[in-house]
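Visitor: Input: one structure, supplied below.
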Amino acid sequence: MSKPNAPSSAARRRFLTDTARAVGGCALAGTGLAYLVQDARALPAEALRPPGALPEEDFLAACIRCGLCVRDCPYDTLVLAELGEDGPATGTPYFTARDVPCEMCDDIPCVAACPTGALDPALDNIDDAKMGIAVLVDQENCLNVLGLRCDVCYRVCPVIDEAITLELSHNERSGHHAIFLPVVHADRCTGCGMCEKSCVLPEAAIKVLPQRLARAEAAEHYRKGWEEKDARGAPLVDGLIDLPDRLPGPGTDNLAAPGGFEPSFKLPEVSQ
Amino acid sequence: MSKEALLVGQEAIARKGWIGAHRFLLLRRASQLGFLALFVAGPWFGLWIVEGTLAGSLTLGTLPLTDPLVFLQSLVAGHWPEMTAIIGALIVVAAYALLGGRTYCSWVCPINPVTDAANWLHRRLNLPKGWQPKRSTRLWVLAAALIVSAITGTIAWEVVNPVTMLHRGILFGMGFTWAMVLAIFLFDTLMARHGWCGHLCPVGAFYGLVGSKSVVRVSAKARAACDDCMDCYAVCPEMHVISPALKGKDGDTPLILAPDCTNCGRCIDVCSENVFSFTHRFDDTLAEPSDHHTPAPDPQTA
Ligand code: SF4
Ligand code: SF4
Ligand code: SF4
Ligand code: SF4
Ligand code: SF4
């Protein structure tokens, strides 16, 4: 501030107001930009990132929006978000499963093309991709749930019998048929979107959703007792009393079913 | 003013012919189109010489290039990119550090034809200068873009950057990008002369910093021949860079060293006295006054 030949006070005042104005203007512009950035981060549910995409926050720091992944996708799966028309941050790549799903190329050209690592080069097996998770969103319109054998989603799945299985159950309505319920196993589903693309209904009953929408998150403190027990090789609490299990269905509340036991006393209300 | 504005360059045209008086302008347009053509040839004609966009590209499947400002934002946003992007950014920075950073602005940037057109119309309509914030504003915008990138952890300027958006728009689909480009055109035409490139664009500001020690420079070598027609000032998008070189005292360098200079070469075109020429940073010789009129003081060789 203290230069050898100090400027006149008018010049100094001018310098200060100019600087203040510039700083103020830029703070304003910066705030506006930050607001836009926040806004542009919102992704529509049906937009899926390419295989290997870093978690969304990291992805937006890493993807330079060059479009090289789009160019190298042989199936024209990927598109770049356009200003104002697509939700995802303008210029970043995504795909919409119902339009063009990911064909899960063995050599993953989109990942190979990415110069920045926004698509993680550590992904070397496309079966490990996690673009999203398929969810049978409409259990009332899915033909299989209605008791018809559609199975299309199951059959087109590149990870058939691992990512989707058909779970057999009794068809209560007809009384003598089976229901083959498509069940997605999140640890194997890559989110490629083949199932959603191929669902025969006008609007797919099975949809691929980004992880953040499709998956619950178990509470931090929650432990599965049986897993803990397996890991420890013994009950978690020594000398834990193993209470009898109640069986489902009628007749169990009187505890006379096999495996049940008679308590030493009965509350008056409980007796029929 | 309006008469004069229309007459800018007339003398040069008379003396060097239209082509001669538009040499660098034509070369520049060719270069801008050429760069675009390289990118467009792939998606439009299946001629894959260059893939990608100005933000990041791959030439002939081997040469990676990365926009260094986008790269820098990615860094401050907290991502350490892969080697390909790093090498790409280093190559681009090195090239513009030699060429004069803002050579990017006048020879490559797709927004430049838009702002040039706006400026042409602005002068045609003889509109007032309009809002003229300090030229340093763009440095502040640059700082703001980097700070917002760091805070939000995203490549912030890319959300609004019309330079990459227009380029990407041409190659991948416009969306509303056209509205943004139109906004810049109208802003430069009606609200602020040279408003976007001269005062706001942080990309230009960034390349200005990159090229602050660049080797390729314009020199007012034959400044003794200057007849004060002011045509160079009229065409220069950053006219404040001219005076120190052109009006320098004996012993002052004739080189335009200001990093704001975009190396567009319009001053060379438009000068009927051939005062300006391209040269390198270390060539601060002054030419003998040319055979034309205008008596001049003894030129100084330094
Ligand atoms: S894995 Fe293949 S089909 Fe899927 S996005 Fe990448 S390049 Fe396209
Ligand atoms: S190649 Fe990588 S950096 Fe380029 S658009 Fe695709 S994900 Fe983004
Ligand atoms: S998205 Fe559908 S088709 Fe693709 S792996 Fe998952 S279940 Fe299979
Ligand atoms: S393709 Fe659609 S209707 Fe058919 S079983 Fe799968 S989800 Fe149900
Ligand atoms: S100042 Fe910005 S918009 Fe203007 S030519 Fe340079 S990079 Fe392009």
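Visitor: Kindly report the accessible area of the stretch B:27-210 per residue (heavy atoms of protein chains, probe 1.4 Å, no ligands, DNA or RNA), in Å².
Guide: About 40 Å² of surface per residue is accessible.
Visitor: I would also like to ask the following. Using a ≥ b ≥ c from the Cα gyration tensor of the protein assembly as shown (square roots of the eigenvalues), is it rounded, prolate or oblate, where a/c under 1.5 gives rounded and otherwise the larger of a/b and b/c decides, a/b for prolate?
Guide: prolate
Visitor: At 1.4 Å probe size, with the rest of the protein present, what percent of the exposed accessible area of the stretch A:133-214 is carbon and sulfur atoms?
Guide: 55
Visitor: Give me the three principal axis extents of chain B from the C-alpha atoms, as integers in angstrom, largest value leading.
Guide: 60, 42, 40
Visitor: Have a look at the stretch B:159-186 and report residues whose accessible surface goes down by 50 Å² or more when the remaining protein chains are included, against the chain on its own, probe 1.4 Å, ligands and DNA/RNA excluded.
Guide: Residues losing area: B:Val159, B:Arg168, B:Phe172, B:Phe176.
Visitor: Over chain B, with a Gaussian network built from C-alpha contacts below 10 Å, which listed residue (B:Val160, B:Val218, B:Val70) shows the highest mean-square fluctuation?
Guide: So, out of B:Val160, B:Val218, B:Val70, the one fluctuating most is B:Val160.
Visitor: What whole-number value in Å² describes the accessible area per residue of the stretch A:133-214 for a 1.4 Å probe?
Guide: 52
Visitor: So how much accessible surface do B and A hide from each other in total, probe 1.4 Å, in square angstrom to the nearest 100?
Guide: About 3200 Å² of accessible surface is lost on pairing.
Visitor: Find the centroid of the Cα atoms in the stretch A:100-119 and in the stretch B:71-118, then give the distance between the two in whole Å.
Guide: Taking the Cα centre of each part, the stretch A:100-119 and the stretch B:71-118 sit 25 Å apart.
Visitor: Ignoring everything except DSSP H segments at least 4 long, calculate the 222 nm mean residue ellipticity for chain B; use -39,500 (n - 2.57) per segment, divide by total residues, nearest 500.
Guide: So the calculated ellipticity at 222 nm is -14500 deg cm²/dmol.
Visitor: Calculate the all-directions average of the projected area of the stretch A:18-129's alpha-carbon convex hull, and give it in nm².
Guide: Reported value for the Cα convex hull: 8.1 nm².
Visitor: Which residues, if any, in the stretch B:70-116 lose at least 40 square angstrom of accessible heavy-atom surface (probe 1.4 Å) when the other protein chains sit next to their chain rather than the chain being alone?
Guide: At a threshold of 40 Å² (probe 1.4 Å), the residues of the stretch B:70-116 that become less exposed are B:His79, B:Glu82.
Visitor: Moving on. In the stretch A:97-202, which GluC sites (Glu not before Pro) are in a loop and have at most 12 other Cβ atoms within 10 Å, using DSSP for the loop call?
Guide: When the GluC sites (Glu not before Pro) of the stretch A:97-202 are filtered for loop state and at most 12 Cβ neighbours within 10 Å, A:Glu140, A:Glu172 remain.
Visitor: May I ask you to find the residues of the stretch B:131-156 that are shielded by at least 50 Å² of accessible area once the whole protein assembly is considered instead of their isolated chain (probe 1.4 Å)?
Guide: In the stretch B:131-156, residues shielded by partner chains: B:Trp140, B:Val148, B:Thr152, B:Thr154, B:Ile155.
Visitor: Okay, moving on. Among B:Pro133, B:Pro68, B:Pro202, whose mean-square fluctuation peaks in a Gaussian network model of chain B (Cα, cutoff 10 Å)?
Guide: Between B:Pro133, B:Pro68, B:Pro202, it is B:Pro133 that shows the largest mean-square fluctuation.
Visitor: Roughly how many percent of the accessible protein surface of the stretch B:136-245 is carbon and sulfur, given a 1.4 Å probe and a whole-percent answer?
Guide: It is 77 percent, rounded to a whole number.
Visitor: Could you look at the stretch A:18-129 and say what percent of its accessible area is carbon and sulfur, using a 1.4 Å probe and all protein chains?
Guide: 53
Visitor: A follow-up question, please. Label the stretch B:1-124 by shape, choosing from rounded, prolate and oblate, from the square roots a ≥ b ≥ c of the eigenvalues of the Cα gyration tensor; if a/c is under 1.5 it is rounded, and otherwise prolate applies when a/b is larger than b/c, oblate when it is not.
Guide: Verdict is prolate for the stretch B:1-124.
Visitor: Where the centre of each part is set by its Cα atoms, how far does the stretch A:120-151 sit from the stretch B:144-185, in angstrom?
Guide: Each part reduced to its Cα centre gives a spacing of 35 Å.
The values are calculated or read from the model by the stated rules, or taken from the named source; none is laboratory data. Remember, it's a predicted structure, so these values are computed and weren't measured experimentally. We place every Cβ from the backbone using ideal geometry, glycine too, and count neighbours over all the protein chains shown. Note: areas computed on protein heavy atoms with side chains; ligands, DNA, RNA excluded. Shrake-Rupley method; radii C 1.70, N 1.55, O 1.52, S 1.80 Å.
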